[in-house]
Amino acid sequence: MNTAIIRSSGLWTPPESVSNDELVACFNAWVEKWNAENADAIAAGELEAKAPSSSGFIEKASGIKSRYTIDKAGVLDIGRMRPEVRRRSDDEVSVMAEAGIAAARQALEAAGRDAADVDGVICSATTMQRTYPCIAIEIQDALGIDGFGYDMSVACSSGTFGLINAINSIQTGQADSILLVTPEITTPQLNFRDRDSHFIFGDVAVALLIERDDGQADGWSIVNARMKTSYSNNIRSNFGFLNACETPEPVFEDRYFVQEGRKVFKEVCPMVAELILDQLQANQLTAADMKRLWLHQANINMNMMIARKVYDRDFTPDEAPVILDEFANTAGAGSLVAFHRHSDGFENGEKGLMCSFGAGYSIGSVILERRAA
Ligand code: CO8
């Protein structure tokens with residue numbers, strides 16, 4: 001069986017970022033307007049007045065300070081409160097592919113590789129912009145890769161499950177080199193008029209180049225990979241192709257992201273810590289062997305709790321780096337972005353662990369070892 005190595009990574013961020021203060025100012029202006037327009041119904045007890053949001057709550061409850069979006073003006077326009085996306089012709093590159101291509105090009109450049117070196121593209125993200133042709137095939141075509149491409153989706157574990165698929169392709173000899181691309185365009189899936197969730201997500205694209213390990217190249221070899229899923233309705237979106245045909249017609253809000261955040265927190269943290277500790281033990285390793293945990297980036301308090309349980313001691317920010325202050329939750333991209341931003345300072349043979357967790361529930365956990373050729 002071949003062995004796989006992560007050779008390089010790449011990242012695309014939209015040019016515009018929205019701070020908590022900007023987001024909250026827009027939300028609160030809309031709340032004030034809505035409450036004024038519905039004052040009579042509120043006074044009569046027919047409607048409940050909407051409560052304002054607060055930057056202080058957002059930062060304390062989630063650790064998020066800002067998020068990138070594909071269209072700041074649309075998000076902050078109280079008459080719209082969602083990104084505006086120009087409809088593109090069939091001859092133009094799609095929004096998701098464009099983001100993915102930029103991240104993929106960066107990963108190729110970082111490894112000194114070009115399209116001729118790559119056999120396949122996996123596009124793994126929470127939601128696809130269209131059903132077919134696959135976004136992965138569009139990315140493959142734009143980069144000029146002679147091989148194959150396919151899309152896959154496992155919500156917040158899309159990045160790690162995609163990585164594990166790439167590893168499997170290389171181990172079985174199906175491919176020698178795979179570009180994994182995770183473009184997460186989440187802000188159009190968010191209800192910016194919902195106080196509970198309007199601050200949570202941001203847009204990004206991340207790419208990893210995974211190759212057959214020939215023992216010559218720098219990178220990260222794969223020590224072990226684990227996947228776990230367990231059905232839960234606590235994080236849900238009912239957006240889908242049947243919406244247009246459903247009777248009764250679904251309310252528009254039902255198509256957005258919704259969650260029972262407290263339940264998710266309580267249920268997912270112990271599941272993740274237990275899986276990581278079990279995986280380490282099964283590989284004759286302990287937390288002390290892990291120089292860094294690149295955890296999914298949904299909530300800083302979740303990450304602190306999981307890292308505390310895994311290390312069984314206080315830990316330094318360097319041991320469980322946080323990127324959600326800048327990016328917010330980027331769904332399936334989060335743990336890969338943390339890896340991209342914070343994979344320096346490893347000596348040959350030192351190990352770290354990448355772990356995603358989220359809707360499904362789903363957990364993807366990969367132990368990596370630094371290889372310096
Ligand atoms: N401003 C001010 N106050 C607020 C706000 C706000 N914006 N929102 C809620 N509050 C208030 C509430 O009204 C409540 O007040 P009171 O105590 O008086 O009733 C108080 O704050 C506490 O509310 P919560 O209990 O809801 O607050 P929490 O402390 O639980 O924090 C979080 C909310 C931050 C959402 C937290 O529960 C959390 O992050 N949980 C983990 C969730 C998680 O990790 N989910 C993973 C989702 S991501 C995923 O799986 C990918 C899905 C695919 C994504 C697709 C892209 C869109």
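The values are calculated or read from the model by the stated rules, or taken from the named source; none is laboratory data. Here the structure is a predicted model, which is why all the values come from computation and not from measurement. Here the Cβ is made from the backbone with ideal geometry for all residues, glycine too, and neighbour counts use every protein chain on show. We work out accessible area using only protein heavy atoms, side chains counted, and drop any ligands, DNA or RNA first. Shrake-Rupley method; radii C 1.70, N 1.55, O 1.52, S 1.80 Å.
Has the range 185-201 got at least one residue that is away from the ligand (no atom under 14 Å from the Cβ), open to solvent by less than 10 Å² (accessible area, probe 1.4 Å) and outside any loop (DSSP other than H, G, I, E, B)? Checking the range 185-201: not a single residue is away from the ligand (no atom under 14 Å from the Cβ), open to solvent by less than 10 Å² (accessible area, probe 1.4 Å) and outside any loop (DSSP other than H, G, I, E, B). In summary, Glu211 fulfils each of the numbered conditions (1) more than 21 Å from the chain's Cα centre (by Cα); (2) farther than 21 Å from Leu353 by Cβ with the single exception of condition (2). Of everything listed in (1) open to solvent by 10 Å² or more (accessible area, probe 1.4 Å); (2) assigned to a strand (DSSP E or B), the single unmet condition for His340 is (2). Can you find even one residue in the range 163-172 that is within 16 Å of the ligand (Cβ to nearest atom), part of a helix (DSSP H, G or I) and either in contact with a Leu (Cβ under 8 Å, 6 or more places away or on another chain) or modelled with pLDDT under 95 (or both)? No - not one qualifying residue is present in the range 163-172.
Scanning the range 1-41 for residues that are closer than 24 Å to Phe199 by Cα, more than 21 Å from the chain's Cα centre (by Cα) and open to solvent by less than 50 Å² (accessible area, probe 1.4 Å) yields Val24, Cys26, Phe27, Asn28, Ala29, Trp30, Val31, Asn35.
Looking at the range 82-92, is at least one residue away from the ligand (no atom under 13 Å from the Cβ), of a type outside the set (Gly, Ala, Ser), assigned to a helix (DSSP H, G or I) and open to solvent by 50 Å² or more (accessible area, probe 1.4 Å)? Checking the range 82-92: not a single residue is away from the ligand (no atom under 13 Å from the Cβ), of a type outside the set (Gly, Ala, Ser), assigned to a helix (DSSP H, G or I) and open to solvent by 50 Å² or more (accessible area, probe 1.4 Å). For the criterion of being within 16 Å of the ligand (Cβ to nearest atom) and either aliphatic (A, V, I, L, M) or open to solvent by less than 70 Å² (accessible area, probe 1.4 Å) (or both), Ala61 passes. Among the residues making up the range 311-337, those that are part of a helix (DSSP H, G or I) and surrounded by fewer than 22 Cβ atoms within 10 Å (Cβ to Cβ) are Tyr311, Pro317, Asp318, Glu319, Asp325, Glu326. Filtered by the rule that a residue be in a strand (DSSP E or B) and either more than 14 Å from the ligand (Cβ to nearest atom) or open to solvent by less than 50 Å² (accessible area, probe 1.4 Å) (or both), the range 229-261 gives a lone residue, Ile235.
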